[in-house]
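Since the structure comes first, as structure tokens, the remarks are kept for the end.
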Amino acid sequence: MSRVAAKPSSPLRAWWLKWRFHINILLLLVPLGFMPKYFADAALFRGDAGIGERVAGDIQVGPWSLTLAEFRNEGPRPDPAGPMKAFNAALCATCAEQVKATYLRIGKPRSLRAAGVIFFGTPYRMGAIVPVPERTPIDAELWVTMEGWDGTMHQGSIPLSQASPATIAWLNKQGVKP
Amino acid sequence: MSKKSRSKLWFLVHSWLALPIWFFVLIVCVTGTLAVVSQEIVWLANPDIRASKPSDDAQPLSFDQVIAAIKRDEPQVIVRSIIRPDESHFALMVGLSYPDGRSVDAYANPYTGALQGISPAFDFQQFTRALHGWWLVPFTNGYSWGWYLVSLLGLPLLASLVTGLVVYKRFWKGFLRPTLRIRHGARIFWGDFHRLSGIWSIWFIAVISITGTWFLIQAILGDNQISISSEPIVPVIAREKVPLSAPGVPAPMIALDDAIKIATQRIPGLEATFAFLPLNAYSHLQIGGRGWYPLMFQTAQLNPYSGEIAVSHLLSDRTALEFVTESMRPLHTGDFGGLWIKLIWAFFGLVLSMMVLSGLLIWTKRTALATLNAFKREAKTQRQPVPTPALRAETSETH
């Protein structure tokens, strides 16, 4: 009915008149297409499939240890404060009460005050978002600092390539030479 | 342009505003309506979230008593948060952390503290809100483009309201003489329905379109890192304000109920309805609830070891602008005054959905023809005005 409304004067206009109501279909396909992603994300946030998309392994930190995981198996995400990478972790079963705070940093911290970002969450599932400088060397180490209730400090590390291969791939793409 | 042809133009603008995306608009309206009462729908479907009284004289437990009851039943679990919903027929919502790494919301009975169930993997409430709010498009960097897609509809909705009132001359007469002709065919019926429900929904369409447009502005501000908030950014607790203790012995924290007492004393009129427990040894305990103005929350962040209030965000701290902008979301969702307000919002949400549908039905029956005629008129370069009875009937004052 509306197709006869105007004698199409240009191909673009003809195309628009012919297809404009199909925008509806396209718009409805959007949530349908994103639905699997939505439910996968909901499960990830709930922790139904563990503490993160990819478990990197256990890190020994003095007498304690933690299991480190990439929240998402992907490179750093852009942020106004620079690229950021989210890690999740779980403390070992026996050290939950012992550890006052856990910190994460790329490169070895020189003191507790420079230990990096602090993990938020419970000993069963906590998260930290680490800034990843674009000039990070690809043989960098990810350092975990743990602080006891009496103020004692322990450190441990894992190669970044093991903690997050996706971040290494991202760094390579940024043009960082080994 | 003559007055008459101007009103015809307005009418065409009104007719075409939502048209190419009418089904999208309809689904956004329907999902919004569902989202308003989603909590109630879950209440009907899932007994776990009902706050059943064990006996008639049962008294609600304090937050500390609830945590103690949860710890008694499941010693391993860590309680992260407790929220007491506005309506007393809902169970408490507690955020729990399990040793296997799950971090889920669970429903606790407010009278016994018993865990009645864990929120299912398919959370209807969250799903309808995500569908309505951002069309399920994930947030990866700033606001999702689905958020923009939906919130952009605020503008044509506002334009529909304005143009609708312009073309419906002396619409206020419709309040005094409501017309809904049932036996004159579908076109007349849907036309009457559209006008009648339109004038009674003026306030609602205005609220929804303005608040919807605010969501668009909010996203634009957010994505450009522009903040209008007076809320202080809370740093972690200073190292010297967290006591040292013996190895393996966490520093003792004050009781949650005492913290609520402190917050209530500090914030007059505060009815503490939620508590977020510290997220690590250097993180604050947050207590909050509504005050005299039901559309906004007041919060206090306490040092959990000393009870000292580090920061509070009260109604009196808000700027006049924030009173407006922070009221936008509750006004949009109808979530600020209990069940009856939600039901009113849901009713008018349904009416608005029907207006999209009736608008489309009217269009298919008539506007296509009117547009055709308008184009013809233009083509004849005003040699002879072609009468358009359908349009004239619509824009005339009498029916």
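The values are calculated or read from the model by the stated rules, or taken from the named source; none is laboratory data. Keep in mind that this is a model prediction, so the values were computed, not measured. With ideal geometry, Cβ positions are generated from the backbone for all residues, glycine too; neighbour counts draw on all protein chains shown.
Counting only residues that are more than 24 Å from A:Ala128 (Cβ to Cβ) and among the hydroxyl-bearing types (Ser, Thr, Tyr), which one in region B:252-295 is farthest from the chain's Cα centre (by Cα)? The extreme case among them is B:Thr264. Scanning region B:175-204 for residues that are in a loop (DSSP other than H, G, I, E, B) and either of a type in the set (Lys, Arg) or over 30 Å from the mean Cα position of the chain (by Cα) (or both) turns up B:Arg177, B:Pro178, B:Thr179, B:Leu180, B:Arg181, B:Ile182, B:Arg183, B:His184, B:Gly185. Which residues, counting only those in region B:117-143, are within 11 Å of chain A (Cβ to nearest Cβ), β-branched (Val, Ile, Thr) and under 24 Å from B:Phe23 (Cα atoms)? Listed by number, the list holds a single entry, B:Val137. For region A:86-139, give me each residue that is touching a strand residue (DSSP E or B) at 6+ places or on another chain (Cβ under 9 Å), among the aliphatic types (A, V, I, L, M) and over 26 Å from A:Asn172 (Cβ atoms). Once the filter is applied, which keeps residues that are touching a strand residue (DSSP E or B) at 6+ places or on another chain (Cβ under 9 Å), among the aliphatic types (A, V, I, L, M) and over 26 Å from A:Asn172 (Cβ atoms), region A:86-139 yields A:Ala90, A:Leu91, A:Ala96, A:Val99, A:Ala101, A:Leu112, A:Ala114, A:Ala115, A:Ile118, A:Met126. Among the residues examined, B:Ser353 qualifies as under 17 Å from the mean Cα position of the chain (by Cα), surrounded by 16 or more Cβ atoms within 10 Å (Cβ to Cβ) and of a type in the set (Ser, Thr, Tyr). Considering region B:62-109 alone, what residues qualify as being within 14 Å of chain A (Cβ to nearest Cβ) and acidic (Asp, Glu)? Within region B:62-109, B:Glu74, B:Asp100, B:Asp105 qualify. If we only count strands (runs of 3 or more DSSP E) wholly inside region A:43-142, which ones have 1 or more residues that are buried (at least 19 other Cβ atoms within 10 Å of the Cβ) and away from chain B (no Cβ under 11 Å)? Where strands (runs of 3 or more DSSP E) fall fully within region A:43-142 and carry at least 1 residues being buried (at least 19 other Cβ atoms within 10 Å of the Cβ) and away from chain B (no Cβ under 11 Å), they are A:54-61, A:64-70, A:84-91, A:99-106, A:125-131. Give all pairs with beta carbons closer than 7 Å in which a residue from region B:31-44 that is more than 17 Å from B:Gly337 (Cβ to Cβ) meets a residue that is among the small types (Gly, Ala, Ser); count only pairs at least 6 apart in sequence or on separate chains. Every condition considered, the pairs that remain are B:Gly32/B:Gly349; B:Thr33/B:Ala346; B:Thr33/B:Gly349; B:Thr33/B:Ser353. Counting only helices (runs of 4 or more DSSP H) that fall entirely inside region B:327-399 and contain at least 2 residues that are at pLDDT 90 or above and β-branched (Val, Ile, Thr), the qualifying elements are B:339-362.
To keep it simple, each residue is scored yes or no on (1) out of contact with any Phe, Trp or Tyr (no Cβ under 6 Å at 6 or more places or on another chain); (2) outside the structural domain of A:Leu91 (by TED's automatic domain parsing); (3) at pLDDT 95 or above; (4) farther than 25 Å from B:Tyr148 by Cβ.
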site	(1), (2), (3), (4)
A:Arg20	yes, yes, no, no
A:Leu28	yes, yes, no, no
A:Pro31	no, yes, yes, no
A:Tyr38	yes, yes, yes, no
A:Asp58	yes, no, yes, yes
A:Leu66	yes, no, yes, yes
A:Arg72	yes, no, yes, no
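Annotation note: of B:Val28, B:Val37, B:Val66, B:Val42, the sole residue that is in contact with a His (Cβ under 7 Å, 6 or more places away or on another chain) and at pLDDT 90 or above is B:Val28.
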